[in-house]
Structure formats: structure tokens, C-alpha cells
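Below is one structure, written out as C-alpha cells; the observations come after it.
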């Protein structure tokens, strides 16, 4: 990071730019956490703040949104394609796990959307990005919850690793292997708040939804857990599988309390055909 800053200052002097202004920007960037930088970059989609782009590595930014070209050039092209003044960004939740920051955001991005974004940092700069986006539902789910409402406070930091292990086991045992007789090890009866647009609260709501899907011949299959990230009582799992026989990316955010999963948000996105990809990095890449 020091080498990058020194090189930038040298270039500023040689080009006759305002060295004092550049130094202030760099000092400001160094004082921000990685979480704050990721949120600033997302907010810049709406505000156009050019400072936030300096938090992205200029040559090593790898893009895993398959509809966006690789690198900063691909990110810039998408921003230019947005209708002027249309973009809206509200980061509802933001978390940090080591070199990764993950966020949950309310967007107007080519239409109303909700999404999860994951950023990987190296030496204080963003070098990689993954996401899952879905259309924002017009109405609350059967229990009156939206895709984004609910608590936002981060607690239980000392149990981050325990909570991550619980969620990984839940995905592998219940959603991947289908061992539904063990679900009580992870969820306490109907003490379970659901934000999926089609499912009501509790195990009863989940059971009713699965039964309705089965009657329609719709299957949901989890095959691979690519990454589990967490901070305190919130854990995000990133998985691959199929939904209605279509290749699918599952992003599931769980809130854990006293060793049980008590709340769930998700974004399910169909993986577009390979001939439509605008980069060759894959949906899950180096996860």
C-alpha cells in the first residue's frame, strides 16, 4: 500500500496536479476501514463520488457479476449505461470478515432491486467483487416481512466462528443433503423470522412452501457451499445449485441467537448462460 501511495504522489508532482489535495484524499482513505470503503464505493453509484474509485485496485480488480465486463473499465461502462439520475443506493447492512466485506443493499439499479455484494481487499484496496441481485418485491411476504427489514445491530462478536460453523452445517445437512429430521438442531420450532418473498415465518411456513413447490414440480437443490462469511450474529452463505432445474446462485443471510438460526434473508439468482457472460471469471471464481 505504501508503494502505491508513494507512486501516486510522484505522478501527481510530475503532472503538476495539486499534491496537497491528493495527499488529503490518501490520508482520508487510509483512515477508513475496509467496510467503510466498500459502502462508499456502493454509495458512489448514486452520488458519483470519484474518491471512492480510489479504493479499487487500478489493475487487479476482478469482476464476478457475469453481466459486467472485467476490471474498472467494466464497472465504468455499467455506470455510464445507467439512465442519468436513476441510480439509488441504500446499504442496509454491512459486515467484515477478515479480508472480505459483505453488504445487503436496497437498489434502484436498472429498476428496483435488492442485492448482496462481497468485496475482497488486499492492502486496503478492493481486488475482487461478487454479488447476487434480485427484483424487489412489490409486497411483503405472507408474514408481512420485506426482503430487507429487520434488525441491523451486530452482536455476539466472540462467537463469529461458532455461528459460521452452525450455518455451514445447516446448509450442508438440511439444504444440500435434505436431512429434514435434523432441522431442530438448527432452528427452534416457529421462532424463525423469514424474509423470503414467498415463505411465511417458522418451520410451519417453510414446510408449507416446500409442499407447495413439490405440488408444482419445482425443486430447489443446493450442491456446493462456496463461501461462508460472518461477523458476530450474522452469517452469509454463498452456494451453488439449481432452482426449477435452472443453474442458480444462492446467497443466504442468517441471524443466529443462542446457537440457533432465528432469522433469514436471501437472494436467489439464475446463472446466465455462458455465451452471455461479459467476463470469464465465473460466478463464484476463487471462492
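Please treat every number below as a calculation from the coordinates, not as lab data. These numbers were taken from a predicted model, which means no experiment stands behind them. Please note: Cβ atoms are built from the backbone with ideal geometry, for glycine as well, and neighbour counts cover all protein chains shown.
Determine the distance separating the Cα centre of region 28-97 from the Cα centre of region 238-284; give it in Å without decimals. Between the Cα centres of region 28-97 and region 238-284 lies a distance of 21 Å. Note on 190, 117: ascending count of other Cβ atoms within 10 Å places them as 190, 117, the fewest first. Among 167, 235, the ranking by other beta carbons within 10 Å of each residue's beta carbon, starting with the fewest, stands as 167, 235.
Here Rg and Dmax of the Cα atoms in Å was computed from the coordinates, and among [x] 28.4, 118; [y] 23.6, 77; [z] 20.3, 70 the match is [z].
Residues 31, 44 in ascending order of nearby Cβ atoms (within 10 Å, fewest first): 31, 44. The long axis of helix 202-215 is offset from the longest Cα principal axis of the chain by roughly 80 degrees. Rounded to the nearest 10 degrees, the angle from helix 160-170 to the longest Cα principal axis of the chain is 50 degrees. Every helix of 4 or more DSSP H residues in the chain counts as -39500 (n - 2.57), and over all residues that averages to -8500 deg cm²/dmol at 222 nm.
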